[in-house]
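Okay, structure first, notes after.
The values are calculated or read from the model by the stated rules, or taken from the named source; none is laboratory data. As the structure is a prediction and not an experimental result, all values here were calculated from the model. Neighbour counts are summed over all protein chains in view; Cβ atoms, including those assigned to glycine, are modelled from backbone coordinates with ideal geometry.
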Amino acid sequence: MSDHPKLTQQIVADFAEGYSNFGLNPLMGRIVGLLIISEDPQSLDDFVEKLEMSKGPISQICRRLKERGLIEKVWIPGDRKDYYQAADDIFGKAYANQINKMQKNIEIAEKYLMQAQSMDSSSAAFIKKQMKIMKSFYELMDEYNEKFMDAWEEKHKEITE
């Protein structure tokens, strides 16, 4: 695994737990944890060996992580296997994925706010009020997230140059 197998195992286990805490598949966390501490790209066979899991679920999770922009497939000359590495700024990309999910809540609030606008009753008024609160909450969160991502991009540049 590395020069420090116990540390690697702990990191992989903690990433699995962290991903699970966000309602995601723990295997995603294991793969991400392993990749961010691996200096070299890893093949599916490497994951099978190091994570002691079968290739099918690993391949499926790698596809999902790639779709989310968290890992990248890399080519190694002379080798026909698929290799993966953590995407540059994997943490910023993971956070951006969460932001996109939260932004959908604005759309939900707008959808039901519009529907409730055409209704005339006390329950419709209550729904409008709740949807306005929800929309305002997520719009404010979106503003802060935008500022945070701008600050993070500067910080990321600073620490990676």
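Among the candidates Gly69, Gly33, single out the residue that is out of contact with any strand residue (DSSP E or B) (no Cβ under 9 Å at 6 or more places or on another chain) and without any contact (Cβ under 8 Å) to a residue 24 or more places away in the chain. Don't jump to the end; show me each part of the working.
On the way: Gly69 fails: without any contact (Cβ under 8 Å) to a residue 24 or more places away in the chain.
Exactly one of Gly69, Gly33 is out of contact with any strand residue (DSSP E or B) (no Cβ under 9 Å at 6 or more places or on another chain) and without any contact (Cβ under 8 Å) to a residue 24 or more places away in the chain, namely Gly33.
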Exercise. Could you run through segment 19-67 and say how many residues are touching a helix residue (DSSP H, G or I) at 6+ places or on another chain (Cβ under 9 Å), in a helix (DSSP H, G or I) and not polar (S, T, N, Q)?
Key: 26
Exercise. Of all residues in segment 75-87, count the ones that are modelled with pLDDT of 95 or more and farther than 16 Å from Gly29 by Cα.
Key: 1
Quiz item: Do we have Lys101 as outside the structural domain of Gly29 (by TED's automatic domain parsing), within 20 Å of the chain's Cα centre (by Cα), without any contact (Cβ under 8 Å) to a residue 60 or more places away in the chain and loosely packed, with under 14 Cβ neighbours inside 10 Å here?
Solution: yes
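On the given criteria, is Tyr144 modelled with pLDDT of 95 or more and either among the aliphatic types (A, V, I, L, M) or surrounded by 13 or more Cβ atoms within 10 Å (Cβ to Cβ) (or both)?
no
Taking the options Asp142, Asp79, Asp120, Asp89, name whichever one is free of Cβ contacts under 8 Å to residues at least 60 places away in the same chain and under 27 Å from Gln42 (Cα atoms). I'd like the intermediate steps shown before the answer.
On the way: Asp142 fails: under 27 Å from Gln42 (Cα atoms); Asp120 fails: under 27 Å from Gln42 (Cα atoms); Asp89 fails: free of Cβ contacts under 8 Å to residues at least 60 places away in the same chain.
Answer to the check: Asp79.
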Quiz item: Can you tell which of Ala96, Ala116, Ala125 is outside the structural domain of Glu67 (by TED's automatic domain parsing), assigned to a helix (DSSP H, G or I) and in contact with a Gly (Cβ under 9 Å, 6 or more places away or on another chain)?
Solution: Ala96
